[in-house]
Amino acid sequence: MLNYIIVEDEMPAREELKYFLKKWEELNLVEEFDNPLDTLKYFQNKNEIDVVFLDINMPSIDGVSLAKLLLKLKNDIKIIFVTAYKEHALDAFEIKAFDYILKPYSEERIDKVILDLLDEKKEKIEHKNVLVNKIAVHDEDRLKIIFLNEIYFIEVLDKECIIHTKEKCYKSKLKLAKFEDILPKDIFYRCHRSYIVNLNKIIEIDAWFNGSYYIKLEELKDKIPISRGNMKKLKEIFVIK
């Protein structure tokens, strides 16, 4: 999931951009602003934003100057300029903006930018997964390092993530969505909104009730639910006809 904000002082342009972006489930609109000063104030207290769609011609601070300030606060954000003026493209290039979209908006052009964003995110995750095969978990008053292949499943319980291994359960402050991002996709699968399961540990997929199913894992008695929407993907993974 990529969190984004829109900074655009003209409401019609802002609404049109939101319309084109809302179809992407991988994107999450966190906030929208009609002036740069409120944006800057917001960024000084928030750090969860991944992408900024930013107009250039705005009152008080132009978009290029605002982008430079935002990059000082968070140097890994992606700046995507949305403007009616071609002449600022060089400025955008100099600050290493991710992209530069000209108005009037083209759905095809916006789609290309989003696909580029998602491809870059995927590459970063895959690179990280190649390098890291361990994870830190909380074990009472200390941090313990465990191998990823020790994890049987992860569940959300009372707003905390519980990591289940064969011998013990551990708590983590990470969100389940974060685990979904960092764990290798070919080994771990989010079978339910509250569960991620290690595919290599599955020994049975059994029918439950109302057309739903549950997973049984080797050496554990837990029953892991599979949401109806995710059962189709699981069937593809295990070539179930």
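Remark: segment 2-129 projects, on average over all directions, an area of 7.6 nm² (convex hull of Cα atoms).
Among Ser212, Ser172, Ser194, the residue with the largest mean-square fluctuation in a Gaussian network model of the chain, with springs joining Cα atoms closer than 10 Å, is Ser212. Checking the a/c ratio against 1.5 first, then a/b against b/c, what shape does the Cα gyration tensor give for the chain? Verdict is prolate for the chain. Scalar couplings 3J(HN,Hα) for segment 214-231, obtained by applying the Karplus form with A = 6.51, B = -1.76, C = 1.60 to θ = phi - 60°, are 9, 9, 10, 10, 4, 6, 10, 9, 5, 10, 9, x, 10, 5, 4, x, 8, 5 Hz; x denotes Gly and Pro.
Cross-link partners of Lys216 among lysines, defined as those whose alpha carbon lies under 18 angstrom from its own and excluding same-chain residues fewer than eight positions apart: Lys166, Lys168, Lys201, Lys232, Lys233, Lys235.
Database remark: amide H of His192 closer than 5 angstrom to the amide H of Ser227 (H placed geometrically; neighbours at sequence offset of 5 or more, or on other chains; Pro and chain starts carry no H). Counted over segment 155-232 with a bin width of 10 Å, the fraction of Cα pairs per bin, in whole percents, is 17, 53, 28, 1.
Note on Lys168 and Ile101: their simple-model spin labels are 4.8 nm apart, each label 7 Å out from Cα toward Cβ. Look at the alpha carbon pairs under 8 Å that are at least 6 residues apart: their mean separation over the length of segment 2-129 gives a relative contact order of 22 percent. Here the Karplus curve 6.51 cos²θ - 1.76 cosθ + 1.60, taken at θ = phi - 60°, turns the phi angles of segment 193-202 into couplings of 4, 10, 9, 10, 10, 7, 4, 6, 9, 6 Hz, with x standing for Gly and Pro. Working note: 222 nm ellipticity from helices only, DSSP H runs with n ≥ 4, each -39,500 (n - 2.57), summed and divided by the residues of the chain, gives -10000 deg cm²/dmol to the nearest 500.
Only the coordinates and a few stated rules stand behind these numbers; no lab work does. It should be emphasised that the depicted structure is a prediction, and the values quoted were computed from it without experimental measurement. For neighbour counting, all protein chains shown are included, and Cβ atoms are generated from backbone atoms with ideal geometry for every residue, glycine included.
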